[in-house]
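Beneath this line is the structure, given in structure tokens, with notes to follow.
The values are calculated or read from the model by the stated rules, or taken from the named source; none is laboratory data. Since the structure is predicted, the reported quantities are computational estimates derived from the model, not experimental observations. When we count neighbours, we look across all protein chains shown, and the Cβ atoms used for this are built from the backbone with ideal geometry, even at glycine. To get the accessible areas, we keep the full protein, side chains included, count just its heavy atoms, and leave off ligands, DNA and RNA. Shrake-Rupley method; radii C 1.70, N 1.55, O 1.52, S 1.80 Å.
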Amino acid sequence: MDMRLFVSQPGGAAQRVHCDDDPLDPVYHRESEDSALYSGILALEAGTSLLLYPDGPEGAAVPVLLDAGDLLLFPGDCWHAGAGYACLDRRIHFYLSAPRRRRNPGYTYYWYTPPAIAAED
């Protein structure tokens with residue numbers, strides 16, 4: 001298990017939409033019998049929030065609000081982003097690895113949107 005204490009300052013922006021593991025890895029196919037990586041958030045403050053993107057990184061955000069002591073577990077292929085906060089927020093973010101699925105420290109899978117190409121007149 002890999003754990004980190006996250007502290008968000010008032011006025012901070014939300015994170016970029018990402019997954020904590022590679023969502024294209026076959027381990028996340030429903031028919032796979034391999035163990036997948038899981039992520040978790042343990043809220044230390046009331047009002048902790050995580051933005052989930054159930055329809056993918058370009059879909060609408062669904063905020064999940066947590067009270068102090070709430071625990072949220074989600075698979076490594078879940079698109080999400082830490083929310084921005086109006087007040088100080090502390091939470092513990094952790095990763096649950098399996099014997100055949102270890103997290104690479106510092107790895108994050110970001111959605112890439114190519115830059116727009118200017119139309120010629």
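Taken over the range 33-52, the residue count meeting the criterion of being under 23 Å from TYR107 (Cβ atoms), in contact (Cβ under 8 Å) with a residue 40 or more places away in the chain and not hydroxyl-bearing (Ser, Thr, Tyr) is 6. Within the group PHE6, PHE74, which residue is open to solvent by 40 Å² or more (accessible area, probe 1.4 Å) and not in a loop (DSSP other than H, G, I, E, B)? Going through PHE6, PHE74 in turn, just one is open to solvent by 40 Å² or more (accessible area, probe 1.4 Å) and not in a loop (DSSP other than H, G, I, E, B): PHE6. Screening PRO63, PRO114, PRO105 for residues that are open to solvent by 40 Å² or more (accessible area, probe 1.4 Å) and at pLDDT 95 or above leaves exactly one candidate, PRO63.
All told, ASP55 falls short of being more than 19 Å from TRP111 (Cα to Cα), open to solvent by 30 Å² or more (accessible area, probe 1.4 Å) and of a type outside the set (Lys, Arg). Taken over the range 88-110, the criterion of being in a loop (DSSP other than H, G, I, E, B) and either among the charged types (D, E, K, R) or in contact with a strand residue (DSSP E or B) (Cβ under 9 Å, 6 or more places away or on another chain) (or both) is satisfied by LEU88, SER97, ARG100, ARG102, ARG103, PRO105, THR108. Each residue in the range 27-52 was checked for being part of a loop (DSSP other than H, G, I, E, B) and closer than 23 Å to ASP70 by Cα, and 6 of them qualify.
Condition check: buried (at least 18 other Cβ atoms within 10 Å of the Cβ), touching a Phe, Trp or Tyr at 6+ places or on another chain (Cβ under 9 Å) and not basic (Lys, Arg). Does HIS80 satisfy that? Yes, satisfied.
Quick check on ARG30: is it in contact (Cβ under 8 Å) with a residue 12 or more places away in the chain, more than 15 Å from PHE6 (Cβ to Cβ) and either open to solvent by less than 20 Å² (accessible area, probe 1.4 Å) or over 17 Å from the mean Cα position of the chain (by Cα) (or both)? No; evaluated as a whole, the condition is false for this residue. Any chance the range 15-26 includes a residue that's closer than 30 Å to PRO99 by Cα, in contact (Cβ under 8 Å) with a residue 60 or more places away in the chain and assigned to a strand (DSSP E or B)? Yes, the conditions are met somewhere in the range 15-26.
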